[in-house]
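Read the figures in this text as sums done on the coordinates, not as results from a lab. Just so it is clear, the model here is predicted, and its values are computed rather than measured. Every residue, glycine among them, receives a Cβ derived from its backbone with ideal geometry; neighbour counts consider all protein chains shown.
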């Protein structure tokens, strides 16, 4: 639902939808990625008498695989604005020598989808506590192809209970489904395109950067 909308609701820029996009002036510096590394080892913020059992999970269950979801949730929380323009096609791309890399180049359509998600989230009454809990839930997003999926699912379920309780205390329980939808939406974004668009200024991959920060 968050990634939908008509052309009238979400007007597009003049660039071609199929044109590769490069990052604009609003890029994310290395310092901005520090909270992501910190969040990967944090504990959930406390809420008033939350009727949920304490959250715990082995350190090994956490890792850099969650950064695309965490990055987007920070963007949504702070209504992050950015612009893109068509990327120049190099001679090597035209010759097909880097076809594999070109396949993952972010497109205008990809950028538009992310901008629509940010715009939709800006209309929701979520505070910092809600987004902190969503980021924790994003860290423990289970991958059904991995053996740790049941453990992650159990921890994430407890976090979602905290979110429901927190929204209920604030009289916003009716927005819990939107919180679930946001978590699902940020989980569907292509990691490679997100990294190329916002993090290609790093000297390493984001995964490697976070591993270094976590020591």
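Brief remarks follow.
- By the beta-carbon count within 10 Å of each Cβ, the least crowded to most crowded order of 162, 175, fewest first, is 175, 162.
- Kirkwood hydrodynamic radius of region 101-154, from inverse mean 1/r over distinct Cα pairs, in Å: 14.0
- Stokes-Einstein D for region 127-215, Kirkwood Rh over Cα pairs, 37 °C, 0.692 mPa s (µm²/s): 221
- Once the Cβ-Cβ distance of residue 149 and residue 191 is raised to the sixth power relative to R0 = 22 Å, the FRET efficiency obtained is 0.75.
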